[in-house]
1. Need the C-alpha centroid separation for segment 1392-1426 versus segment 1241-1298, integer Å.
2. What whole-number value in Å² describes the accessible area per residue of the chain for a 1.4 Å probe?
3. Shape of segment 779-832 from its Cα gyration tensor (a ≥ b ≥ c, root eigenvalues): rounded if a/c is under 1.5, otherwise prolate when a/b > b/c, or oblate?
4. Sorting check: for 1428-1437, 1462-1471, 1156-1165, 794-803, which peptide has the highest mean count of neighbouring beta carbons within 10 Å, and how do the rest follow?
5. Cα centroids of segment 1206-1222 and segment 208-257: how far apart, whole angstrom?
6. Per-residue counts of other Cβ atoms within 10 Å, averaged by peptide: what ranking do you get for 459-470, 501-512, 35-46, highest first?
7. Taking the Cα atoms only, what angle lies between the long axis of helix 140-167 and the longest principal axis of the chain, rounded to 10 degrees?
8. Using only the Cα atoms of segment 1051-1164, build the gyration tensor, take square roots of its eigenvalues as a ≥ b ≥ c, and label the shape rounded, prolate or oblate: rounded if a/c is under 1.5, else prolate if a/b is larger than b/c, else oblate.
Amino acid sequence: MCAAALEEYCGSIFWNASYLERPDPDIPVCVEQTVLVWIPLGFLWLFAPWHLVPLFRRPKVNTKHLSKLYICKQLVASLLFLTAIAHLGVTLGEDFGPNSDQSSENAAAYYANPVLFAVTWILVLLCHEGLRREGAIDSASIFLFWLLLVLCDIFPFQTLLREALRLGKVRDVPRFSLFYISFGLELISLVLSTVADIPPEAKDFIKKNPEAGAAFLSRITFNWLNSMVLKGYKQPLVQEDMWDLNESDSTAFINERFQHFMKPELDAARVRFQNKMKNKSAKTRDSAQEDPQQNGLSSGLGKGVSQDVLMMERGKKEDEKKKKKKDKNKEEENYPNSWLIATLYKTFKWILIESAFFKLVQDVLTFVSPQLLKLMISFTQDKSRYAWEGYLYAVLLMVVALLQSLTLQQYFQRCFVLGMRVRTALMAAVYKKALVVSNDTRKESTVGETVNLMSADAQRFNDVTNFIHLLWSCPLQIIISIVFLWLELGPSVLAGLGVMVLMVPINGFLATKARKLQVENMKFKDKRMKIMNELLNGVKILKLYAWEPSFQKQVEDIRGEELKVMKKFAYLTAVSTFIFTSAPALVSLATFAVFVSVSKDNVLTAEKAFTSISLFNILRFPLAMLPMLIASIVQTAVSKKRLEKFLAGEDIDSDIVRQDPSFNTAVSVCDGSFAWEKDAKPLLKDVNLDIEPGRLVAVVGAVGSGKSSLMSALLGEMHSTKGFINIRGSLAFVPQQAWIQNATLKDNILFGSPHEEERFKKVIQACALAPDLELLPGGDLTEIGEKGINLSGGQKQRVSLARATYSQADIYLLDDPLSAVDSHVGKHLFEKVIGPNGILKNKTRILVTHGISFLPYVDEIVVLENGVISEVGSYENLRASGGAFSKFLDTYATEQNNQRNSETGEGQDAEDFELIPGGDDAQPDGALEDTVSLTLKRENSIRRSQRNGSVRLRRNTSIKKSANADEPKKGQKLIEKETMETGQVKLAVFLQYLRAMGWGYSAMVFLIYFIQNAAFIGQNLWLSDWTSDSVEYYNMTYPSWKRDTRVGVFGALGVAQGLLVFVGTLLLANASVDASRILHSKLLNNILRVPMVFFDTTPIGRVVNRFAKDIFTIDEAIPNSVRSWLLCFLGVLGTLFVICLATPFFAIVIIPLAVIYFFVQRIYVATSRQLRRLDSVSRSPIYSHFGETVSGLSVIRAYRHQERFLKHNEVTIDENLKSVYPWIVSNRWLAIRLEFVGNLVVFFSALFAVISRDSIDSGLVGLSISYALNVTQTLNWLVRMTSELETNIVAVERVSEYTELENEADWVTDTRPPQQWPEAGRVKFENYKVRYRPELDLVLHGITCDIDSTEKIGIVGRTGAGKSSLTNCLFRIIEAAEGYIRIDDVDISKIGLHDLRNRLTIIPQDPVLFSGSLRMNLDPFDKFSDEEIWRALELSHLKSYVSGLQEGLQHEVAEGGENLSVGQRQLLCLARALLRKSRILILDEATAAVDLETDNLIQNTIRKEFSDCTVLTIAHRLHSIMDSSRVMVLDAGKVVEFDSPSNLLEKEGHFYAMAKDAGITLESNTNL
């Protein structure tokens, strides 16, 4: 019916099969005139409306500018319009012209087509104009229209040509020439439509973001990335090379959209939640018995159970499982839930739908290839078919593969970008929430946990969204493959499917087992890292005590356990690899065996076999992915809960603090009661407080009376149960623990205010920061580490105060800023800043203080007692009234007097140094003191310096050191990274790893994998041979013996493969565990033997990283990479081999393809590696900035800087996205290019199969093409694996770098001292000179002195005079530059370090303890009996304490000795010394750590127990050495005085001056 109408329309035959059944087929003219015209035109008309809309709107860009490209496009379209008119003219002329032939009228098509075309060309002209007004660069639909048009016109093109050639003349000259003219113009249009038309105003933007200026073709092939990839190949990329983000990928844009959808969703969820709670409370009323228990529990959960309880909870995991069901309901109802997914869906709806569309197309195309393969095989079997069919199939295979590649890459691109956006949205949302979160919600999670929300949980969402579509795509693929397989093989498919389904639970079982081992492994890893961390932090102590072997053994033991677990894990992996490799073989075996044995008629033909095999290959992927996807979705569900709980938490109540300007007070609190949590008891009760503007008000009270809480209440951080607060003006806040940002010192002080030089200088002077700035290497531009690590406690406090002072607020809340600084600095700050004559004298100041000396100068004093204001008034009035305040005065005054006395010794010392920084000679000594103990516990420094400031001496010099070390360190670090990780990894590193694995193992592994690959190929060749039976036994009964051999050999080869892989993987596992063991023990061994200087100049983090991340890589990542790489590599070789075997021609093509492949891969790896690195470098600032924000929340809120921090966060995340986005695209860039190479392989293998079809067996054709179809994936993997292997192998390089550091002297040498040495304990220095590092100046300039047996020597000197260097020399922590030290006439530089260090005893300045038992801390080598240890504890006054502990000597010491007081730690160090009891004791006096009582205990014990030893005391308090036999005064590394104390006092030299400062005179000395 339809055909007849069409035939009338064209005036010729529409379709006749005979057209195709000949060697040179063609398509009837009628089809060319109808269908092939309507397809492209229909396409254009469908999409035109979109392009025409802009014509009716106001243009987006200036329309005056006409680009050359636009003019050309319009010109060509106009010419085409003219050809259409000419066509019409020709037809009209023929029908109605003067010489028209009435008998044969032209058919309708000859009128309709020119008219259609003319209308279309006008439409094209309009579309171009519409695009120009829209400001679009190009249009995909128009490009596709031209492409379709040219493709459809190829048919009439060749028809006309062939006809002309056949007839030898052109039948219809005008139409012939018009057709070819328009065809040429269409080609020109096609070319023009691939070029982007960039408006001039967008040029600059496109330089920064080439993607915006990329045309359609460039977008689908990711060509726009070329410039970056090439640049990355030539030189390592840096952050500056990154391009700008698209607007839709920027954090601000995503966050805004996300918040927009989140608000209604969250509100709805809150409403649901409240209704649920209402219903629940109604229920609970009925069952009142359960009530108390429930409330108790929920409040326990709400308050955030204390840490210890949580630790216990972890242990109770097993019992919990039973309880979980009960608790689950409670847990779920604690917060509004199930709104996050909906919000994410709404925010990213379109990109999800787009990617789903691409995935669907790709899934459908996946199944076209096997069908084409089937046609191809049947074509080669049937020799009578025409050759053009074969070529058609080859081209179709290529086209399908190309389309599949393009859609797949678009799908991946969309998915990964979606993942990136989801992560960005969540990170931004968490950050935004953290700024407004209430204290209740904040208490529920630690800073670390909150940062985890941002890093781990957001990343989980990112990973899941990458593959979210597999949830529906996997089942779809499985169903389609089964349907097709059923069509091929009938019900015997079920056998193969059964095998596959069986694999799933087995894999699941293995996975859970593996997870258990993983957890166990992590436990050992954490334990090992904890010890390593302590070991590196206390490395100086280990060296001084010669304890390294004991710790080395501890670490090696844990490492041994860890490797055992690792081996188990590796064996498990081997089993699952075995299953995974033999799965395809088993599946095809089961299927084919059942198929041929079910009935005699079932013969395996090549078509059936190879189509099924390629379908099974498709099946493998979804079956492997589904369990993984489900597991990761389960993990993400946990993250979802955590994120929902956090993001739905309550915000801080902004109405607690009013801002009413009509009040005449600066601060007033009316009848206020405040609590930290909503339902808790108020901490501050009935507070009434009015503060006039410009007053200085002090808040005093005992510890815990609510002073800081009052501050928090004024800041609006507490819940108000009644009353209100009004504050007039802006606030500045100085918290008790200074909050310092990781930025320059200047930025910390400016804190977002504009910089005014004068004001800045004034603030610096007033806050006593000027001397510190001179010490810091970069002045005010010095970069301050995280948490202010390179500042001492006092400096942090002063910076914090300077920030407030600079901010010029109206009201200052100062929470005890003077406690962390020395008393004289405190005085200075009070006078210059806070007090009645300070910079802030006209502002309102509320000062919490413990310093009594300041109270007389304040305007008003508020006394707090147990959260109630007990008195308010001036100093005199309160003093007189004899209330709480005078009591407070009495307690504090006595304490302070005691302290004063003990301090005078070194207080002045401190003062000189603090405000008059020593000359340069003062530097190297203190400087290199020892960063380790310095960074060990910064926090302690605040506690210590509260007691008295002397710790500051050392700290201040250390600042210079650590900051100095920081400067070159920055350079150093970068250089180190760059030298290590750019360019290709040297072959030597690979060889080094292979050497560690063992050459024998390596060769065996390679061999076995090689044989396995051979077995795989053999199996498939056998299959292709099997299929040729169907030809041989055509129409004959198939002998059963033949059938059995076929199945048997096929199965045997399959199992052999599995077993070989199993053995290979086992060997590899053993080898890699060996390699791990060797590399780790080398590293550990060397690090313990490295001189102290190394630890002073290398941040511990960097060393820890070698032991953590790099060893982890060597343990887990490298063996996997090696295995996958080997398998991939052999797989690719095998494929190429099989194709060449089938069609030897193919070998010619391999070379050019390999070259393309190699170049693409090399270029990509260089760029990708660098992008990955930039990603990780730019990721950490996001988290550290977030961590900082969370810990400094109250400060940020007080200054009202939330907006600025939000902006900063957006910028930081954007910086990171700038390297993540190109990385995602670079993967697609690579994949598209490699798949193109793979598609060429497919095309050529098909093409050569067609060419040589006479000489080739159909089985082999099937084999070579089904192999080729698989090769694209393998090629892709190979590149991935190569780049991964290169990235991972760097770990070996980094580890080996640290195994080659030079060591200190040998621990034990051939010259060993006598057993009893040193018997007398004489020490003799002979012209002794020393420097810390070769490039530095001398620290000790030729010291010569004799110290007799049992003498007690005090060593004094200003900071940096070289006192500590002296002890370092005795222990050979630093080696002599010249001169020598003799102990009992033995030159110490000649004997082994351990011989020396074991015979000396030191009580170090910082008492470092290690986690482990008390006993281990006293005697790590188990040398002493328990009695001796108890005696030592008794003498060091710890016996009562230790025997009171439950475990006694086995009491566990926490990391760094946290669970003992500082005094107890110091006493433990004394006990260590008592145990060793050697003839020489060095006492590096602990200055600030010890209260007077402990100090006395220590001094007395030493006097009594070490009376027969030589004791050298490095003194910071002169009191303690006034009774020594002689005093050595050092100055700038020289001995300036050396005599008994009384003589020195009479001499009135250096010592006398120091004594006078300390308030010691001759008289007072005689009294002693």
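1. Centre-to-centre distance over Cα atoms comes out at 60 Å.
2. On the way: 68160 Å² over 1568 residues.
The answer is 43 Å² per residue.
3. Working: a/c = 1.85, a/b = 1.25, b/c = 1.49.
Oblate shape, in that a/c is at least 1.5 and b/c is the bigger or equal ratio.
4. Details: 1428-1437: 19.2, 1462-1471: 22.5, 1156-1165: 17.3, 794-803: 26.8.
Per-residue mean Cβ counts within 10 Å order the peptides as 794-803, 1462-1471, 1428-1437, 1156-1165.
5. 14 Å
6. Values: 459-470: 19.9, 501-512: 13.8, 35-46: 16.2.
Highest mean packing first, the order is 459-470, 35-46, 501-512.
7. 30 degrees
8. Values: a/c = 4.91, a/b = 1.92, b/c = 2.55.
Oblate shape, in that a/c is at least 1.5 and b/c is the bigger or equal ratio.
The values are calculated or read from the model by the stated rules, or taken from the named source; none is laboratory data. Remember, it's a predicted structure, so these values are computed and weren't measured experimentally. Here Cβ is always computed from backbone atoms with ideal geometry, including for glycine, and neighbour counts include all displayed protein chains. What goes into the accessible areas is simple: the full protein's heavy atoms, side chains included, and nothing from ligands, DNA or RNA. Shrake-Rupley method; radii C 1.70, N 1.55, O 1.52, S 1.80 Å.
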